[in-house]
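Q: Structure below; questions to follow.
The values are calculated or read from the model by the stated rules, or taken from the named source; none is laboratory data. What you see is a predicted model, and the numbers here were worked out from it, not measured in a lab. Cβ atoms come from the backbone with ideal geometry, glycine included; neighbour counts cover every protein chain shown.
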Amino acid sequence: MDIWTKSPEETKDFAARLSKQLKLGQVIRLEGPLGSGKTTFTQGLGRALGIQRAIKSPTYTIVKNYPLEKGEFIHIDAYRLEEGGADTVDIDMFIHSEAITLIEWGQFIEDYLPEKYLLITFELQDEFHDRRITLEMINGQNEDLAWLNHLATDLKESN
């Protein structure tokens, strides 16, 4: 499923609409080059989940936790693990049923990712703020694919 956004505000709006479909236990993996909209998306998602603090990529701390009304939002930025070190972070303790876990630069912690997750890929287009955002359920079962189809319908109706 592809979504197109033309500004940071549209990317945040898309994240806010997606937030309405998320449940605790959901893992989201964001992929895309630097400047492609991953942090902008994360900020929009966090705001929609009720987080009032500023959300910045935890590039140096690797992980940031934000309490939610129920559960927590966990933001993992694995960029600094490109050269290794994922085994020292205990990634699996941040992926659990009482959290929505968002992971940037997941290719650097591939061996520690859960079997099933929502992959969101950001691609820059010709114009500076234009983005193609692709959603794909990795190793999803029938109920996960139904969820993604429901999400697609919901997102198209709100455009």
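Q: Could you tell me whether I62 is touching a strand residue (DSSP E or B) at 6+ places or on another chain (Cβ under 7 Å), β-branched (V, I, T), closer than 17 Å to I28 by Cα and modelled with pLDDT of 90 or more?
A: Numbers: touching a strand residue (DSSP E or B) at 6+ places or on another chain (Cβ under 7 Å): yes; β-branched (V, I, T): yes; closer than 17 Å to I28 by Cα: yes; modelled with pLDDT of 90 or more: no.
It is false that I62 is touching a strand residue (DSSP E or B) at 6+ places or on another chain (Cβ under 7 Å), β-branched (V, I, T), closer than 17 Å to I28 by Cα and modelled with pLDDT of 90 or more.
Q: On the given criteria, is E82 at pLDDT below 90, of a type in the set (D, E, K, R), over 14 Å from the mean Cα position of the chain (by Cα) and within 18 Å of G25 (Cβ to Cβ)? Reasoning before the result, please.
A: On the way: at pLDDT below 90: yes; of a type in the set (D, E, K, R): yes; over 14 Å from the mean Cα position of the chain (by Cα): yes; within 18 Å of G25 (Cβ to Cβ): no.
No, not satisfied.
Q: When the residues of the range 104-130 are filtered to those that are part of a strand (DSSP E or B) and out of contact with any Asp or Glu (no Cβ under 8 Å at 6 or more places or on another chain), which remaining residue is nearest to G25 (Cα to Cα)?
A: Taking the range 104-130 as the starting set, the residues that turn out to be part of a strand (DSSP E or B) are 104, 117-124.
Right, trim to out of contact with any Asp or Glu (no Cβ under 8 Å at 6 or more places or on another chain) and you get 117, 123.
On the way: Y117: 10, E123: 26 Å.
That would be Y117.
Q: Tally the residues that are modelled with pLDDT of 90 or more, assigned to a loop (DSSP other than H, G, I, E, B) and out of contact with any helix residue (DSSP H, G or I) (no Cβ under 8 Å at 6 or more places or on another chain), restricting the search to the range 24-38. Break it down stepwise before answering.
A: Quick first cut of the range 24-38, residues modelled with pLDDT of 90 or more only: 24-32, 38.
Next cut, assigned to a loop (DSSP other than H, G, I, E, B) only: 24-26, 32.
Narrowing further to those that are out of contact with any helix residue (DSSP H, G or I) (no Cβ under 8 Å at 6 or more places or on another chain): 24-26.
Result for the range 24-38: 3.
Q: Mind checking whether some residue in the range 30-40 is crowded, with 17+ Cβ neighbours inside 10 Å, under 11 Å from the mean Cα position of the chain (by Cα) and polar (S, T, N, Q)?
A: yes
Q: Now for a different question. Can you confirm whether G44 is touching a helix residue (DSSP H, G or I) at 6+ places or on another chain (Cβ under 7 Å) and among the small types (G, A, S)? Working first, answer last.
A: Details: touching a helix residue (DSSP H, G or I) at 6+ places or on another chain (Cβ under 7 Å): yes; among the small types (G, A, S): yes.
When the stated conditions are applied, G44 passes them.
Q: Does the range 44-64 contain at least one residue that is crowded, with 20+ Cβ neighbours inside 10 Å, touching a residue at least 60 places away in the same chain (Cβ under 8 Å), within 20 Å of H129 (Cβ to Cβ) and within 13 Å of the chain's Cα centre (by Cα)?
A: Scanning the range 44-64, I find no residue that is crowded, with 20+ Cβ neighbours inside 10 Å, touching a residue at least 60 places away in the same chain (Cβ under 8 Å), within 20 Å of H129 (Cβ to Cβ) and within 13 Å of the chain's Cα centre (by Cα), so the answer is no.
Q: Moving to a separate point now. Filter the range 39-64 for residues that are over 23 Å from H150 (Cα atoms), in contact with a Phe, Trp or Tyr (Cβ under 7 Å, 6 or more places away or on another chain) and either hydroxyl-bearing (S, T, Y) or not in a loop (DSSP other than H, G, I, E, B) (or both) and give the result.
A: Residues satisfying the conditions are T59, V63.
Q: Do you know which residues across the range 4-22 are outside any strand (DSSP E or B), touching a residue at least 40 places away in the same chain (Cβ under 8 Å) and surrounded by fewer than 16 Cβ atoms within 10 Å (Cβ to Cβ)?
A: K6, S7, K20, Q21, listed by residue number.
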